[in-house]
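Below: the structure, in structure tokens.
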Amino acid sequence: MEFLDSILRAILPFEWANYEFMRSALLAVLLVTPLFGLIGTSVVNNKMSFFSDALGHSALTGIAIGVLLGIDHYMISMIGFALLFALLISGVLQHGNSSADTVIGVFSSIGLALGIVILSARGGFAKYSSYLIGDILTVQSEEILMLFVLLCAVVILWILFYNKFLLVTINPDMASGKNVRVNLIRHLFSIVVALTVMVSIKWVGILIINSLLVLPAAAARNLAKSARGSHFWAMGISLFSGISGLILSYYLGTVASGTIVLIAAAIFFLTFIWSLRKAGR
Amino acid sequence: MEHECKCSLKIEHLTVWRDKTEILHDVSFEAHHAEITALIGRNGAGKTTLLRSILGRIPYSGTIEFFDSEGVLVERPRIGYVPQNTILDRTIPVTVGEFLSCGCSSAPVWLVHRKKAITHAREILKKTGGEKLIDRPLSSLSGGELQRVLLAFALDPMPQLLLLDEPVSAVDRRGIESFYEVVTSLREEYHMPILLVSHDLGHVRRYATDVVLLDQTVVLCGKCEEVMDSPEIAETFGLS
């Protein structure tokens, strides 16, 4: 990690690059944003943006459970609860009569409210409020390593299973005819989304993590009509928003995650206008 | 190319419940190789539910067994399924070539486009008359074009059983005729059993060899002419 840091220091002749926290944040952005572009494309294709948003909200209850159990690393309780949360949502969706948006909305509210109540009951909610907006400038070298491992794992999974994911997304019955295990693939995808959201929420923030998942993928849809093209654009837009947002936030003195999301939103609207003009031609 | 298929499908005492309502009750029939068995019945008779049971997508009681050309039971047969094109999500950015490659290649289409897989996809499309569609996005296809692509997808790898669920909904007359011509030629060439769900009795008379009249259970089944000229058909569809 020190070796990477020294390379960054050597090749970046900018004022902001003199600070170690900015170089660490840049490394984290270089890992997190392509990951979000990759997963976000499937989240949007599967119409699961509300689901990933609810998972983000459940992080607060995950932290609260960690505090109650006296666990030092909240990541463990957050991931554990998010996986349970994802399974509960799937279970209620499969066996209940309510529509998906209603069920997910109910769980999303519970995930947020339960966390707020438990944490505030112990008189220290302010201590955890940083999770709401995230702070990428606090990222540590071991956490960057964890992001690297997650990115590698997701890329390997996407290489092995993406074709099956796509078939299930287009039509699960057709995929089933090809002997694709539809429910297994869906659960695997939910687990990957839950893991990614939980691992990165500390730096991106509960309130805006979903925007970073959805915006680059949504913008990519305005530009590309193929699977390869949409992934290329989503990862590119995500990476560009991440790097430029981080640097801009340094000069503007704003929160990095919010700045990154605003740049991604601006790109989305530009691509939206471009697609409208193209359709009108 | 492929050997003559002598596979058959045997359904016995199939019952399906959903939300405490019995959708299918004690359904039993067989579909043999080289037969196009039409499933007909009023709306809500359970036709699509029957196909989804065969695909293993919903829980059921009873047995659905599939036998290969040697008469040996096959646990998970290769099933080609062509759904109603109106229920397909066409907003997803994916080209016809990528879609077909997903079914026949393990190379991830988000990362690489293997020349071999695309060439193979083009060859399958040729069988259904859609070779010019390979680079088109799924979202830009007309109803008839999409049906050719869906049938091509169902045919690779060559299925042991072909299920067609109202395959020509939202397709124009010319597209319907050419679709059924392809299906009939498949039956003649590969001899796999074909189950066809259709609301159009004219198509059933013209293309099916056998007919199953369904209304939660099997009302009547047999050779096409026998069933189609029966009073039960007249009663179900209000024919004079």
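The values are calculated or read from the model by the stated rules, or taken from the named source; none is laboratory data. Note that the structure is predicted; figures quoted are calculated from it, not measured. Glycine also receives a Cβ, built like all others from the backbone with ideal geometry; neighbour counts cover every protein chain displayed.
If you go through segment B:200-232 and pick out every residue that is over 22 Å from B:His32 (Cβ atoms) and among the aliphatic types (A, V, I, L, M), you end up with 1.
Yes or no: A:Val168 β-branched (Val, Ile, Thr), in a helix (DSSP H, G or I) and in contact (Cβ under 8 Å) with a residue 24 or more places away in the chain?
Numbers: β-branched (Val, Ile, Thr): yes; in a helix (DSSP H, G or I): yes; in contact (Cβ under 8 Å) with a residue 24 or more places away in the chain: no.
When the stated conditions are applied, A:Val168 does not pass them.
Test B:Leu146 against the criterion of being surrounded by fewer than 23 Cβ atoms within 10 Å (Cβ to Cβ) and of a type outside the set (Lys, Arg), and give yes or no. Answer is no for this residue. When segment A:229-242 is filtered for residues that are over 21 Å from A:Ile273 (Cβ atoms) and either in a loop (DSSP other than H, G, I, E, B) or in contact with a Leu (Cβ under 7 Å, 6 or more places away or on another chain) (or both), the ones remaining, listed by number, are A:His231, A:Met235.
What do you reckon, is A:Ala234 modelled with pLDDT of 95 or more and buried (at least 18 other Cβ atoms within 10 Å of the Cβ)? Criteria met by A:Ala234.
Taken over segment B:132-168, the residue count meeting the criterion of being in a loop (DSSP other than H, G, I, E, B), more than 12 Å from every other protein chain (Cβ to nearest Cβ) and of a type in the set (D, E, K, R) is 1.
Check B:Ile176, B:Ile92, B:Ile194, B:Ile124 and return the single one that is β-branched (Val, Ile, Thr), within 14 Å of another protein chain (Cβ to nearest Cβ) and without any contact (Cβ under 8 Å) to a residue 40 or more places away in the chain. Show your work before the answer.
On the way: B:Ile176 fails: within 14 Å of another protein chain (Cβ to nearest Cβ); B:Ile92 fails: without any contact (Cβ under 8 Å) to a residue 40 or more places away in the chain; B:Ile194 fails: without any contact (Cβ under 8 Å) to a residue 40 or more places away in the chain.
Just one listed residue meets the conditions, B:Ile124.
Being within 14 Å of chain B (Cβ to nearest Cβ) and crowded, with 22+ Cβ neighbours inside 10 Å is a description that does not apply to A:Ala224.
When you scan segment B:84-94, do you find a residue that is in contact with a strand residue (DSSP E or B) (Cβ under 8 Å, 6 or more places away or on another chain) and either surrounded by 22 or more Cβ atoms within 10 Å (Cβ to Cβ) or at pLDDT 95 or above (or both), even just one?
Looking only at segment B:84-94, we keep the residues that are in contact with a strand residue (DSSP E or B) (Cβ under 8 Å, 6 or more places away or on another chain), and these are B:84, B:93-94.
Checking which are either surrounded by 22 or more Cβ atoms within 10 Å (Cβ to Cβ) or at pLDDT 95 or above (or both) leaves us with B:93-94.
Yes, segment B:84-94 contains at least one residue that is in contact with a strand residue (DSSP E or B) (Cβ under 8 Å, 6 or more places away or on another chain) and either surrounded by 22 or more Cβ atoms within 10 Å (Cβ to Cβ) or at pLDDT 95 or above (or both).
The residues in segment B:18-45 that are crowded, with 16+ Cβ neighbours inside 10 Å and within 12 Å of B:Val212 (Cα to Cα) can be counted, and the count is 11. Contact annotation: residue pairs with Cβ atoms under 9 Å, 6 or more positions apart or on different chains, pairing a residue in segment A:262-275 that is in contact (Cβ under 8 Å) with a residue 24 or more places away in the chain and loosely packed, with under 15 Cβ neighbours inside 10 Å with a partner that is assigned to a helix (DSSP H, G or I) and among the basic types (Lys, Arg), are A:Ser275/A:Arg221. For segment A:14-28, check the following and say yes or no: at least one residue is closer than 24 Å to A:Tyr162 by Cα and either in a loop (DSSP other than H, G, I, E, B) or of a type in the set (Phe, Trp, Tyr) (or both). Looking through segment A:14-28, none of the residues is closer than 24 Å to A:Tyr162 by Cα and either in a loop (DSSP other than H, G, I, E, B) or of a type in the set (Phe, Trp, Tyr) (or both).
From the list B:Val171, B:Val219, which one is in contact with a Gly (Cβ under 8 Å, 6 or more places away or on another chain) and assigned to a strand (DSSP E or B)? Working first, answer last.
Values: B:Val171 fails: assigned to a strand (DSSP E or B).
Just a single option satisfies the conditions, and that option is B:Val219.
Against the definition (assigned to a helix (DSSP H, G or I), surrounded by fewer than 17 Cβ atoms within 10 Å (Cβ to Cβ) and not polar (S, T, N, Q)), how does A:Ala113 come out, yes or no? Outline the logic, then answer.
Working: assigned to a helix (DSSP H, G or I): yes; surrounded by fewer than 17 Cβ atoms within 10 Å (Cβ to Cβ): yes; not polar (S, T, N, Q): yes.
Spelling it out, A:Ala113 is indeed assigned to a helix (DSSP H, G or I), surrounded by fewer than 17 Cβ atoms within 10 Å (Cβ to Cβ) and not polar (S, T, N, Q).
Taking the numbered list (1) within 14 Å of chain B (Cβ to nearest Cβ); (2) surrounded by fewer than 19 Cβ atoms within 10 Å (Cβ to Cβ); (3) closer than 27 Å to B:Pro83 by Cα in turn, A:Val180 passes all entries but (2).
Scan segment A:177-191 for residues that are closer than 19 Å to B:Leu150 by Cα and not small (Gly, Ala, Ser) and report the count. If you could, list the steps in order and put the result at the bottom.
First, the residues of segment A:177-191 that are closer than 19 Å to B:Leu150 by Cα: A:177-180, A:182.
If we keep only those that are not small (Gly, Ala, Ser) too, we end up with A:178-180, A:182.
Residues meeting the conditions: 4.
Annotation note: of A:Leu12, A:Leu38, A:Leu68, A:Leu60, the sole residue that is modelled with pLDDT under 95, out of contact with any Ser or Thr (no Cβ under 7 Å at 6 or more places or on another chain) and under 23 Å from A:Leu239 (Cα atoms) is A:Leu12. For the residues B:Arg206, B:Arg136, the requirement of being in contact with a helix residue (DSSP H, G or I) (Cβ under 6 Å, 6 or more places away or on another chain), charged (D, E, K, R) and at pLDDT 90 or above singles out B:Arg136. You will find that of A:Trp203, A:Trp158, the residue that is over 30 Å from B:Thr48 (Cβ atoms) and within 12 Å of another protein chain (Cβ to nearest Cβ) is A:Trp158 and no other.
Yes or no: B:Leu51 within 10 Å of chain A (Cβ to nearest Cβ) and not acidic (Asp, Glu)? Outline the logic, then answer.
Details: within 10 Å of chain A (Cβ to nearest Cβ): yes; not acidic (Asp, Glu): yes.
Judged against the criteria, B:Leu51 is a match.
Pick from segment B:97-112 the residues that are surrounded by fewer than 18 Cβ atoms within 10 Å (Cβ to Cβ) and at the interface with chain A (Cβ under 7 Å from one of its Cβ atoms): which of them is farthest from B:Asp156 (Cα to Cα)? That would be B:Leu111.
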